[in-house]
Amino acid sequence: MNDHPPAPTSTPAASALARHFPAIAAFTPQALVRRFDRAAFRERLIRHFKRWTLVYLLAALAAAWFDAHFTVALNVTESLPVRLFLIHRGEQPGRGDYVAFRWLGGGPYPAGVTFIKEIAGMSGDVVTQVERDYFVNGHAVGRAKPLSRQGLTLEPGPTGTLPDGAYYVRSPHPDSLDSRYGLTGWVSQAQIIGRAHALF
């Protein structure tokens, strides 16, 4: 039994070209197969892996470590001035930091989508509302719109003292879907993925 696959054959056009142009004959499928030295190729491959195995292993370990601790997120909306973020999983953000969190669902986005906003309020801070303007400890953090750009009714977000593990998140954009709206509300610790570092 012949265990080797049949050698590729040339098309009539390739054979005709090879007859008229000898240089082309060296690159026909038959010529390439005849010149291929399997033993030499196997030996070069073994030498290559002996030399570079440690490098490949370290690269794989570095990639696994990075994936366990970090992820990259692209902002596709106008809500923030930054487009690309490096999210440090598990890093606790502070006031004024960008935070990455999981959307609980509702409105135009499915549950589990990653949102990135700025932390404007933390536990113990007081959120107040005057008409549709929102304040954290007396500092203005945004004005809630009655309707979204799609014409959907937007319910105002909660007010009061932020409990432990709750965050008021915001964005400077007037159309940002943040804590000024009931859809987002206050973000809980369980939703937080980590701190988001702005790249560009």
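Since every read-out is calculated from the coordinates, none of them should be taken as a lab result. Predicted, not measured: the structure shown is a model, and the values here were computed from it. FYI the Cβ positions are ideal-geometry reconstructions off the backbone, even for glycines, and counts take in every protein chain you see.
Name the long-range amide H neighbours of Arg89: under 5 Å, sequence gap of 5 or more, or other chain; modelled H, no Pro or chain starts.
Phe70, Thr71
For Leu86 and Gln189, FRET efficiency with R0 = 25 Å and r from the beta-carbon atoms, rounded to 0.05? It would help to have the intermediate numbers written out before the result.
On the way: r = 21 Å, r/R0 = 0.84.
The computed FRET efficiency comes out at 0.75.
Among Ala190, Ala144, Ala40, determine the one that fluctuates most according to a GNM of the chain built with springs between C-alpha atoms less than 10 Å apart.
So, out of Ala190, Ala144, Ala40, the one fluctuating most is Ala40.
Could you work out the helix-only [θ] at 222 nm for the chain, with each DSSP H run of four or more residues adding -39,500 (n - 2.57) and the total divided by the number of residues, to the nearest 500 deg cm²/dmol?
Mean residue ellipticity, 222 nm, calculated: -8000 deg cm²/dmol.
With axes computed from alpha carbons, what is the tilt in degrees of helix 38-69 against the longest principal axis of the chain, rounded to the nearest 10 within 0 to 90?
With rounding to tens, the tilt is 0 degrees.
Do you know the relative contact order of the chain, to the nearest whole percent, from alpha carbon pairs under 8 angstrom that are 6+ apart?
Averaging sequence separation for qualifying contacts and normalising by length gives 20 percent for the chain.
Mind giving me the nanometre distance, one decimal, between the label points for Ser123 and Thr153, set 7 Å out from Cα along Cα→Cβ?
Going from the Ser123 label point to the Thr153 one covers 3.5 nm.
What residues qualify as long-range amide H neighbours of Leu154, i.e. H under 5 Å apart, gap of 5 or more or another chain, H built at 1.01 Å from N?
Leu147, Ser148
Average the reciprocal distances over every distinct pair of alpha-carbons in the chain, invert the result, and give the Kirkwood radius in Å.
21.9 Å is the Kirkwood radius here.
DSSP loop trypsin sites (Lys or Arg not before Pro) in segment 91-200 with at most 15 other Cβ atoms within 10 Å of their Cβ, which ones?
Passing both the DSSP loop test and the Cβ count: Arg95, Arg132, Arg149.
Could you line up Tyr56, Tyr168, Tyr134 from fewest to most neighbouring Cβ atoms inside 10 Å?
Exposure proxy ranking, most exposed first: Tyr56, Tyr134, Tyr168.
Which ³J(HN,Hα) values in Hz, rounded to whole numbers, follow from the phi angles of segment 96-113 under the Karplus curve 6.51 cos²θ - 1.76 cosθ + 1.60, where θ = phi - 60° and Gly and Pro get x?
Working through the residues one at a time gives x, 7, 7, 10, 9, 9, 8, 6, 7, x, x, x, x, 10, x, 4, x, 5 Hz.
Would you look at the GNM of the chain, springs on alpha carbons closer than 10 Å, and say which of Arg34, Arg47, Arg89 moves the most?
Highest fluctuation among the options: Arg34.
If you stretched the chain out fully between Ala64 and Arg35, how much longer would it get, using 0.36 nm times the residue separation minus the C-alpha to C-alpha distance?
So the extension gain works out to 6.4 nm.
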